[in-house]
Amino acid sequence: MKHAMKNDKKGSRATLITLFDIQKARETISDITKVTPILTSDQLSKACDNEIFLKAEHLQKTGSFKIRGATNKVKQVVKEGAKFITAASSGNHGQAVAYVADQLGIPATIVVPENASRCKIAAIEAYNGNIEQCGTTSAERIPRAKQLASEKGGVFIPPYDDPFIMAGQGTIGLEILEQVADVDVIVVPIGGGGLMSGIATAAKESNPTIQVIGVEPETANDTFLSLRNNKITSIAKTTTVADGLRTSQPGDLTFPVVKKYVDDLVLVQENEIRAAMSFVFERMKQVIEPSSAVTVAAAMNGKLGVTRKKVMLILSGGNVDMNELPNLLQ
């Protein structure tokens, strides 16, 4: 089965964020983030039998969309008096939080796994983030980050399950609607659901006819299973190449929004992710991470169920360890 079952959306909990929240977030983050460009590829469009557009969040500051939600949340907690923040992440979220904290002049400690790559640690340190290593799983890192925040009177910044984070990510949706006003379909990678919940809210509350499709790796299909089961469903540890999508279950706050607004969710295989990443690298001369490539993989392999439409693919980030790049490309 490649598609999530359609949900009965009657009785879904009201969304935790609104179009107004996202519009407000755009004003809040505008001095730190940038409007990312839309890329096109005639060859990709022809291969997919759709007019393909790609939202280039890999060209965003810190190399991913995460800076949007991080900026919105960190500014909020600073406004409320926070003098210190923490996060648990060795990847894009950690870099984003460190960058925003540095811009606002407050200290940040990022708790990373003991086996974090040197390049990821260096990226966080480049933004003056303090590093603490703890365990190898998020189940170990998150409690430690929360503990540090509590001990020092600070605030823990979650990666996705927070209304300010979700609204910040939703600013991508506002930009898309302005850049390609008649877009038919928006395709979004799904990990914890922060990116999807924000973009889907922006799109559906602006134009309900826009189709919103999520994409997950087959081996990290927690949201797919949750939608099929009509309840949050967790999965065991996964080894997908799309490391940014390795969540064990969707967020408590993001999942109701995904249920309400997402029209379909499709799965892609590991070899399809690698092939899509290679296509973008070779033909478009863009370095994207595997988590970005899942949307391209879904389009290239005919999994979206649409033809001759204007389709927007979200390229969520481009932070790739250059030493690992040859192993990631097919």
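Tabulated values for the structure
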| item | result |
| --- | --- |
| Every residue from the stretch 83-106 that is in contact with a strand residue (DSSP E or B) (Cβ under 8 Å, 6 or more places away or on another chain), surrounded by fewer than 22 Cβ atoms within 10 Å (Cβ to Cβ) and either free of Cβ contacts under 8 Å to residues at least 24 places away in the same chain or not in a loop (DSSP other than H, G, I, E, B) (or both) | ASP102 |
| Checking SER206 against (1) touching a residue at least 24 places away in the same chain (Cβ under 8 Å); (2) under 24 Å from LEU329 (Cβ atoms); (3) among the hydroxyl-bearing types (Ser, Thr, Tyr), the condition it does not meet | (2) |
| Qualifying residue in the stretch 305-323 (condition: small (Gly, Ala, Ser), assigned to a loop (DSSP other than H, G, I, E, B) and surrounded by 24 or more Cβ atoms within 10 Å (Cβ to Cβ)) | yes |
| Count of the stretch 228-247 residues which are assigned to a loop (DSSP other than H, G, I, E, B) and in contact with a strand residue (DSSP E or B) (Cβ under 9 Å, 6 or more places away or on another chain) | 5 |
| In the stretch 281-297, the residues that are buried (at least 16 other Cβ atoms within 10 Å of the Cβ) and farther than 18 Å from ARG246 by Cβ | PHE281, MET284, GLN286, VAL287, VAL296 |
| Matching residues, the stretch 267-277, being in contact (Cβ under 8 Å) with a residue 40 or more places away in the chain and either crowded, with 22+ Cβ neighbours inside 10 Å or outside the structural domain of LEU225 (by TED's automatic domain parsing) (or both) | LEU267, VAL268, ILE273, MET277 |
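The values are calculated or read from the model by the stated rules, or taken from the named source; none is laboratory data. Bear in mind that the values here come from a model prediction, so they are computed numbers and not experimental data. Cβ: placed from backbone, ideal geometry, glycine included. Neighbour counts: every protein chain shown.
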